[in-house]
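One structure below.
The values are calculated or read from the model by the stated rules, or taken from the named source; none is laboratory data. All of these numbers come straight from a predicted model, not from anything done at the bench. All Cβ positions, glycine included, derive from the backbone under ideal geometry; neighbour counts span all protein chains shown.
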Amino acid sequence: MIKSTSKTYPFKIALMAGLTTATLYAGIPTASAAGYTVQSLNLPGAATRMSDNGAIVGNYVTKCTTFTYGAHEKGTYCYWAPWFYDGKNVTKLSNLWSNTRSTAADINDSLQLTGSDGTGPWTYSGGTITYMTGGTPVAINNAGVVAGYGSNANFAYRAIRFTNGVGTEVLFNDPYLSSPTTSIWTADSNDSGLIAGWYKDAGNIYQSYVVDTNGTVTFIPNLGGTTPVNCQPTRISEADPTTGETWVAGNCSGRAFIYELTSGTLTELANLPGASNLNVASVDSNGVAVGTTNLPGYVSTAVMWPAGTTSTTIPTDLNANQAIATGTMINLRVIDIDAAGAILIDYLDSTYNRNTVLLNPIP
């Protein structure tokens, strides 16, 4: 059910024995063939999101416990806690979540975090955790407004905003989406309060939408045409549609798109020649999009579509001439792009160690 009360737990940072801040080692940048420098980041775990000013949030393993069940079977249970990077240092929130699985979903320019643990959804700001109720957060904008999704009395998922610590259903001025039996999810939200997400239509196909704070819905066309396929947005850019272009990035069953809200322009993103399994991860307010694709031989690489991309624009291979790494890259992920055009990527090397890099545009 999407309803309850909130709790606030203050912590003084100076007294946090388990909240540690470490200077981040930045590897020597090397110029890439794609017009970027490559900065190695020594982060403690997998990154989740990046803010518009380059702050990064993620999660790491605080400890693991091995247990035995049955006569011979053993298992391992691990605890998780968030960390964030402010552009210079990494702060690990270990003592705040040392005995639970807590995961951060997003971070904004003011280093406010949102996520969830066994107690429920939460926000973190300046050493204070505020617990909320009513759903699962996925995004926090620069006004500190959290958006997510949660199940209602009909066991249908609904898009929600957290108001005064309580998740409340998003208003939709559309008969189908306003029905309490229609399942709706949130992918992202921006500074003007727009929410991008997807819903399940009457044919059980995922369709993409954007909704504003008044409940006005924009339906994003399906790349499948007369035979719709599952489509899900990944990010929405920060610009207000009344003052600039607002872009939504998303994927439809191995195909990728960007959609500009003001003009209603849908652009299917082209792939590299011979590549497959295209995925767009994020888009900025200039319409620059980033993602991944598989080259022949199932080798993943990162790609970037510039501003002004059309359906015939071939993306830039960001790993051309081994720009990102000189060794093996396994499970390459493009995570996000910030307002300055910096691109966050991680991958596993040949020994399965996680490596995170920031591609900084060369002026």
task: Please enumerate the residues belonging to region 203-233 that are in contact with a Gly (Cβ under 7 Å, 6 or more places away or on another chain), of a type in the set (Phe, Trp, Tyr) and either surrounded by fewer than 21 Cβ atoms within 10 Å (Cβ to Cβ) or in a loop (DSSP other than H, G, I, E, B) (or both).
output: none
query: In region 178-200, what count of residues is obtained for those that are surrounded by 15 or more Cβ atoms within 10 Å (Cβ to Cβ) and more than 23 Å from residue 140 (Cα to Cα)?
result: 3
- line: Scanning region 192-202 for residues that are in a loop (DSSP other than H, G, I, E, B) and within 17 Å of residue 156 (Cβ to Cβ), the one farthest from the chain's Cα centre (by Cα) turns out to be 202
message: List the residue pairs whose Cβ atoms are under 7 Å apart, where the first residue sits in region 74-86 and is touching a residue at least 24 places away in the same chain (Cβ under 8 Å) and more than 10 Å from residue 60 (Cβ to Cβ), the second is not in a strand (DSSP E or B) and not aromatic (Phe, Trp, Tyr), and the two are 6 or more positions apart or on different chains.
response: 84/55; 84/111; 85/24; 85/43; 85/55; 86/55; 86/111
task: Restricting attention to region 115-134, report how many residues are within 30 Å of residue 204 (Cα to Cα) and under 17 Å from the mean Cα position of the chain (by Cα).
output: 3
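Do we find a residue being farther than 11 Å from residue 356 by Cβ, of a type in the set (Asp, Glu) and either modelled with pLDDT of 90 or more or under 21 Å from the mean Cα position of the chain (by Cα) (or both) anywhere in region 64-73? Steps first, please.
Taking region 64-73 first, the residues farther than 11 Å from residue 356 by Cβ are 64-73.
With of a type in the set (Asp, Glu) added as a condition, the list becomes 73.
Cutting the leftovers down to either modelled with pLDDT of 90 or more or under 21 Å from the mean Cα position of the chain (by Cα) (or both) gives us none.
Within region 64-73, not a single residue is farther than 11 Å from residue 356 by Cβ, of a type in the set (Asp, Glu) and either modelled with pLDDT of 90 or more or under 21 Å from the mean Cα position of the chain (by Cα) (or both).
Of the residues that sit in region 300-338 and are part of a strand (DSSP E or B) and either among the charged types (D, E, K, R) or without any contact (Cβ under 8 Å) to a residue 12 or more places away in the chain (or both), which one is surrounded by the most Cβ atoms within 10 Å (Cβ to Cβ)? Before you say what the answer is, go through the steps one by one.
Residues of region 300-338 part of a strand (DSSP E or B): 300-305, 316-317, 330-337.
So of that shortlist, the ones also either among the charged types (D, E, K, R) or without any contact (Cβ under 8 Å) to a residue 12 or more places away in the chain (or both) come out as 317, 333, 336.
Working: 317: 19, 333: 19, 336: 23.
Among those residues, the one meeting the criterion is 336.
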